[in-house]
Every structure is written in structure tokens, then in C-alpha cells.
Amino acid sequence: MALPDLNHPCWRRLADGAITRIKTQHLGTQLLCKRIERSADPVSTKIADMHAFFSKWERILPAEVQQLTAV
């Protein structure tokens with residue numbers, strides 16, 4: 001599955017708290033989820049951070065990428 005575009009509504013849902021429902025064993029993804037969950041940054045910053053992370057690691061995180069639109 002391809003990474004959703006930056007404008008896809010899933011990113012806003014994730015930034016609003018749905019990211020905590022992503023199931024992963026990848027430590028970097030777990031740390032990202034906690035950072036986004038606890039962050040007081042604006043939603044647009046959270047979205048940009050998540051998209052950049054998943055863009056970089058998309059090839060080794062296919063299960064996590066697949067969950068992005070499902071949560």
C-alpha cells in the first residue's frame with residue numbers, strides 16, 4: 001500500500017489521537033506515537049512530522065503504513 005498524500009484526512013485523525021491505536025513492534029514508530037500523543041504542537045506540525053517519518057521508513061513499515069487509513 002502506498003503512503004497516503006499529505007492532504008489525506010487520515011493524517012488529521014492520527015494527529016488528533018488515533019495514532020495511539022497503531023500496532024507496531026518498531027521502536028521508532030512507538031516513540032513517534034508517544035511523541036505525537038504528548039505533543040502540544042499545532043496539528044499541522046504533527047501531521048508534517050508523521051508524514052516525514054512514514055515517508056522515510058515506508059519500505060520497512062508496510063504493516064504500519066497499511067494501518068494509517070484504517071485507524
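The values are calculated or read from the model by the stated rules, or taken from the named source; none is laboratory data. Nothing here was measured: the structure is a model prediction, and the numbers come from that model. Note that we place each Cβ from the backbone using ideal geometry, even for glycine, and neighbour counts take in every protein chain shown. Side chains included, ligands, DNA and RNA excluded: accessible areas come from the protein's heavy atoms. Shrake-Rupley method; radii C 1.70, N 1.55, O 1.52, S 1.80 Å.
Per residue, the chain exposes 63 Å² of accessible surface when a 1.4 Å probe is rolled over the protein heavy atoms with every protein chain present.
Apolar share of the accessible surface for the chain: 53 percent from carbon plus sulfur atoms, 1.4 Å probe.
From the Kirkwood radius over Cα pairs of the chain, Stokes-Einstein at 20 °C and 1.002 mPa s returns a whole-number translational diffusion coefficient of 181 µm²/s. Mean separation of Cα pairs under 8 Å and 6+ residues apart, divided by the residue count of the chain: what relative contact order is that in percent? The normalised contact order for the chain reaches 52 percent. Note on Lys56 and Arg12: the model spin-label points, each 7 Å out from Cα along the C-beta direction, lie 2.7 nm apart.
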